[in-house]
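The values are calculated or read from the model by the stated rules, or taken from the named source; none is laboratory data. Note that the structure is predicted; figures quoted are calculated from it, not measured. Positions of Cβ are backbone-derived with ideal geometry, glycine not excepted, and every protein chain shown enters the neighbour counts.
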2 protein chains.
Amino acid sequence: MAQMLPPVNFGREYLQNRIATEFSLARHIGIVVDSADETGVVLRAPLAPNSNDKGTAFGGSLFALAVLTGWAWVARYLAAHELAADAVIQESTIRYLVPVKGEFRASLAAPSCAQIEKFRKMLQRAGRGRIRLRVDIHCGHALATHFEGVFAAAIR
Amino acid sequence: MAQMLPPVNFGREYLQNRIATEFSLARHIGIVVDSADETGVVLRAPLAPNSNDKGTAFGGSLFALAVLTGWAWVARYLAAHELAADAVIQESTIRYLVPVKGEFRASLAAPSCAQIEKFRKMLQRAGRGRIRLRVDIHCGHALATHFEGVFAAAIR
């Protein structure tokens, strides 16, 4: 009887593994991939390794979680569509709204179909594409940080 | 004979100590304060703990170095002027210009006297002040990253 292999869905475990192996700093931040599918990506991190002496999260850690959430969405999209491309952050803006005093969660809702389609066509026609992604970080129910970033991908 | 104490100049050692004790993540990034005085602040970090699997620096690490360089300038200014205030990042924009393939250095040139004076007056009159700071990151001679951030300070 042939062994049944589970389908590769490029979800939570796939991204957790890529983040752990590809980004040296990620394990020190304690990044956990909560969920990842067609509709969005959620990453979280604990406060302790990211705190400053006032017991609130370091702005650099919040940024790192947000940028990896955007990266994870692009990495998942590229893998799921068999596009052999690498993604990098090109520019971004972040606003810090309230201090973060506990575990924090970054969530990205998938861009519109039109934006995704434009990104895919640029990649296929020119070998390069760019897409703007928005990531919100919540601590409990409070919106703590708003991030927007332009990610660029290039076919290898 | 009375022991001579060295003058506290809130320079390199002062900031190195504060960054090491106040930010859990800083030691994992390997941040070193190169110089800090009236004219500016320079921080650097090695590639290895901040690399991704392509051997270039993670955008989150570059952001963390830049934001700590801005923070260091404000922290030094507040300490040197005996202002009992804490500084936090409020919003920032970062642009990634070229991949970073080695040690990277973040440098901040002091803002204009008029900007500093405005910041000081806001702090003294209202107990709160904001100042916009620019930080460039170089790798060798190449300008790799440009960062602008608004830092807010509030009297304790």
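Given the residues A:Arg130, A:Arg76, A:Arg105, A:Arg134, which is the only one that is assigned to a helix (DSSP H, G or I) and modelled with pLDDT of 95 or more? Full working, then the answer.
Values: A:Arg130 fails: assigned to a helix (DSSP H, G or I); A:Arg105 fails: assigned to a helix (DSSP H, G or I); A:Arg134 fails: assigned to a helix (DSSP H, G or I).
After applying the criteria, what remains is A:Arg76.
Would you point out the residue of the range B:26-61, among those that are more than 9 Å from every other protein chain (Cβ to nearest Cβ) and within 13 Å of B:Lys101 (Cβ to Cβ), that is farthest from the chain's Cα centre (by Cα)?
B:Gly55
Do you know which residues across the range A:82-114 are under 23 Å from A:Asp34 (Cβ atoms), in contact with a helix residue (DSSP H, G or I) (Cβ under 9 Å, 6 or more places away or on another chain) and either within 14 Å of another protein chain (Cβ to nearest Cβ) or among the hydrophobic types (A, V, I, L, M, F, W, C) (or both)?
Answer for the range A:82-114, where residues must be under 23 Å from A:Asp34 (Cβ atoms), in contact with a helix residue (DSSP H, G or I) (Cβ under 9 Å, 6 or more places away or on another chain) and either within 14 Å of another protein chain (Cβ to nearest Cβ) or among the hydrophobic types (A, V, I, L, M, F, W, C) (or both): A:Ala87, A:Ile89, A:Ser92, A:Ile94, A:Tyr96, A:Val100, A:Phe104, A:Ala106, A:Leu108, A:Ala110.
Does A:Glu117 qualify as being over 28 Å from B:His146 (Cβ atoms), in a loop (DSSP other than H, G, I, E, B) and out of contact with any strand residue (DSSP E or B) (no Cβ under 8 Å at 6 or more places or on another chain)?
Details: over 28 Å from B:His146 (Cβ atoms): yes; in a loop (DSSP other than H, G, I, E, B): no; out of contact with any strand residue (DSSP E or B) (no Cβ under 8 Å at 6 or more places or on another chain): yes.
Spelling it out, it is not the case that A:Glu117 is over 28 Å from B:His146 (Cβ atoms), in a loop (DSSP other than H, G, I, E, B) and out of contact with any strand residue (DSSP E or B) (no Cβ under 8 Å at 6 or more places or on another chain).
Are any residues in the range B:13-56 buried (at least 18 other Cβ atoms within 10 Å of the Cβ), over 19 Å from A:Asn50 (Cα atoms) and modelled with pLDDT of 95 or more, and if so, which ones?
Residues of the range B:13-56 buried (at least 18 other Cβ atoms within 10 Å of the Cβ): B:14-16, B:18-19, B:23-26, B:28-29, B:31, B:33, B:36, B:41-45, B:47, B:50-52, B:56.
From the residues that got through so far, the ones that are over 19 Å from A:Asn50 (Cα atoms) too are B:14, B:33, B:36, B:41-44, B:47, B:52, B:56.
Correct list: B:Tyr14, B:Val33, B:Ala36, B:Val41, B:Val42, B:Leu43, B:Arg44, B:Leu47, B:Thr56.
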